[in-house]
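Accompanying notes for the structure given below.
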Amino acid sequence: MILPDVFTASTVSLSKTESVQRSVSRGGVIQLGRRTAHETEVKITSPLIKQKDVGALIAFLDDVGTSTPFDVELPLISKLKGSATANMRTRAAATAGSKTLLIDGAQANLMNIVKPNDMFNVSGHSKAYFVGVNMTGNQVNAFNSNGTGQFTLRSSQPLIKNVANNETVNFLTPKITVVRTSDVDLVISVKRSNFVTVSFDAVEFV
């Protein structure tokens, strides 16, 4: 069995964890990192696996332990509350700390492209972001594109680093990079005859 290095996240929730130290692997070197208030805690569930193959997956998870980051795909984001059917691109650069991105590539005059609490990520970022509320004064506005397919996207969290012009903005299957929070929390669930899933907790690696 060729083990997947991208797993399916069953749930995603923002975490305002305390800033605590942890050991992580950066470029093969174990370093002491810190959790930040921007991190996201993730409950991860593997794809459906044949029971005869689960041992190989467990061995893989034991190998990555709690110090080796790996990618997690968030397919539940394909169930957007908004109407986006494709990924788009930034129309202008944005600086770290900003909560807005000018987006291009939507269908012209498209209504409700995304809605608050949808998620997205930007190419080159290991972090996924939640769509924020589009407010003007006390007025809540929809995320609608103009006649040229552009709109301003608002994030509920500030960007952790600069975003260049013409970067891909992934609304459909964003990925984040995570590390496991424990090496003893695996839960194996029998789903049907000869098939199981493996679940565990992780935290975003940014």
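Key figures
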read-out	value
Condition met for Thr152 (part of a strand (DSSP E or B), within 17 Å of Gly105 (Cα to Cα) and at pLDDT 85 or above)	yes
Residue in the stretch 127-138 that is closer than 29 Å to Ser199 by Cα and either in the same structural domain as Asp185 (by TED's automatic domain parsing) or of a type in the set (Asp, Glu) (or both) present	no
Val72 surrounded by 13 or more Cβ atoms within 10 Å (Cβ to Cβ) and under 20 Å from the mean Cα position of the chain (by Cα)	yes
The listed residue being modelled with pLDDT under 90 and surrounded by 13 or more Cβ atoms within 10 Å (Cβ to Cβ), out of Asn112, Asn144, Asn117, Asn138	Asn117
Residues that are part of a loop (DSSP other than H, G, I, E, B) and either at pLDDT below 85 or farther than 18 Å from Val133 by Cα (or both), drawn from the stretch 155-170	Ile160, Lys161, Asn162, Ala164, Asn165, Asn166, Glu167
Residue within the stretch 162-179 that is more than 19 Å from Phe120 (Cα to Cα) and in the same structural domain as Asp53 (by TED's automatic domain parsing) present	yes
Residue match in the stretch 69-76 (condition: under 14 Å from Glu167 (Cα atoms) and touching a residue at least 24 places away in the same chain (Cβ under 8 Å))	no
Given (1) in a loop (DSSP other than H, G, I, E, B); (2) at pLDDT below 65; (3) surrounded by 14 or more Cβ atoms within 10 Å (Cβ to Cβ); (4) not polar (S, T, N, Q), number of the condition Ala37 does not satisfy	(3)
Selection status of Phe143, free of Cβ contacts under 8 Å to residues at least 60 places away in the same chain, among the hydrophobic types (A, V, I, L, M, F, W, C) and assigned by TED's automatic domain parsing to the domain that holds Asp104	no
Test: residue in the stretch 56-65 that is part of a loop (DSSP other than H, G, I, E, B), among the β-branched types (Val, Ile, Thr) and either over 21 Å from Ser123 (Cβ atoms) or at pLDDT 70 or above (or both)	no
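The rows are residues; the columns are (1) of a type outside the set (Gly, Ala, Ser); (2) in contact with a Pro (Cβ under 7 Å, 6 or more places away or on another chain); (3) within 12 Å of Thr168 (Cα to Cα).
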| position | (1), (2), (3) |
| --- | --- |
| Leu101 | yes, no, yes |
| Asp104 | yes, no, yes |
| Asn117 | yes, no, no |
| Asn121 | yes, yes, yes |
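The values are calculated or read from the model by the stated rules, or taken from the named source; none is laboratory data. What you are looking at is a predicted structure, and each value in this text was computed from that prediction instead of being measured. All Cβ positions, even for glycine, are placed from backbone atoms using ideal geometry, and neighbour counts span all protein chains on display.
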